[in-house]
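Trainee: One structure coming up, written as structure tokens, with questions to follow.
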Amino acid sequence: MNPSTTTARTHASSACSAALASLLLLMAGCAGYSPGDLGAGATESQIVDRMGPPTDRFVSPDGGSLLEYARGPFGKHTYRVELDATGRVKAVSQLLTEVNFEALPIGASSGEVRSRLGRPSETRVGWRGVGEVWSYRYEWFNVCRWFQVWLVDGRVREAAYATDPICDERRFFIGDD
């Protein structure tokens, strides 16, 4: 997969951009966006105090928990906080990275995609009504991008990089409509 692959551009309205900015400001007052300096040894309650309730929770094979903090649908990060069986942080990672995207194998199950990348920012019906496309917003060298996974019969058929239509660079740097 090549990060420079793009699809046709679409434009977000000024109203949508203003609403997004307002939403992000509102969210900033509620909880921290990232775990900040909380790392190994921190307690689950410290993480929840900093970041709010997780968007999902999974049981890990060692008896601990995996907390997911998907900062979508407009955020560009999904944090995973790994807790040991005592509720202490073992590790914190950002799932939406090109290393993780590149490691996603064709044929992977939807459950494996979910486990590796977290919940998608957006889902829609796949090409010609076949399957489903999961889109993940992220940043690539300060450029707003998304990674899209096409699932057919619950398995990855294709995956590619594209320009996120709400952050079309031409709109923000050239100002065209």
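Trainee: If you scale each eigenvalue of the Cα gyration tensor by 5 and take the root, what three semi-axes come out for segment 96-177, rounded to whole angstrom and sorted largest first?
Mentor: 25, 15, 9
Trainee: Still on this model: Arranged by the count of other C-beta atoms within 10 angstrom, fewest first, what order do 149, 48, 156 take?
Mentor: Going from sparsest to densest Cβ surroundings: 48, 156, 149.
Trainee: From the phi angles alone, apply the Karplus equation (6.51, -1.76, 1.60; θ = phi - 60°) to segment 52-66 and give each ³J(HN,Hα) in whole Hz, x where the residue is Gly or Pro.
Mentor: Residue by residue, segment 52-66 yields x, x, x, 6, 7, 9, 10, 8, 8, x, 8, x, x, 10, 10 Hz.
Trainee: Right, here's the next one. Give a residue-ordered list of calculated ³J(HN,Hα) values for segment 82-90 (Karplus: 6.51 cos²θ - 1.76 cosθ + 1.60, θ = phi - 60°; whole Hz; x for Gly, Pro).
Mentor: 9, 10, 7, 5, 8, x, 9, 5, 9
Trainee: For 106, 47, 166, which order do you get if you count the other beta carbons within 10 Å of each Cβ and list the fewest first?
Mentor: Ascending Cβ contact count within 10 Å gives the list 106, 166, 47.
Trainee: Please list 3J(HN,Hα) in residue order for segment 36-41, calculated via the Karplus relation 6.51 cos²θ - 1.76 cosθ + 1.60 where θ = phi - 60°; whole Hz, with x for glycine and proline.
Mentor: Those phi angles translate into x, 8, 6, x, 3, x Hz.
Trainee: Related question: Putting +1 on Lys and Arg Cβ atoms and -1 on Asp and Glu Cβ atoms, find which of 43, 74, 63 reaches farthest to the positive end of the dipole of segment 40-94.
Mentor: 74
Trainee: Let me ask another. Would you mind computing, in nm to one decimal, how far apart the modelled labels at residue 153 and residue 110 are, each placed 7 Å from Cα along Cα→Cβ?
Mentor: Once both label points are built, they end up 1.5 nm from each other.
Trainee: Quick one: which residues, 5 or more positions from residue 140 or on another chain, have an amide H under 5 Å from its amide H? H modelled 1.01 Å from N in the peptide plane, none for Pro or chain starts.
Mentor: 145
Trainee: Here is a follow-up. Tell me, 90, 76 in order of fewest to most beta-carbon neighbours within 10 Å?
Mentor: Listing 90, 76 from fewest to most nearby Cβ atoms yields 90, 76.
We did not get these values from a lab; they are worked out from the coordinates using the rules stated. Computed from a prediction, not measured in an experiment: that's the story for all the values here. Cβ sites come from the backbone with ideal geometry, for glycine too, and all protein chains shown count toward neighbours.
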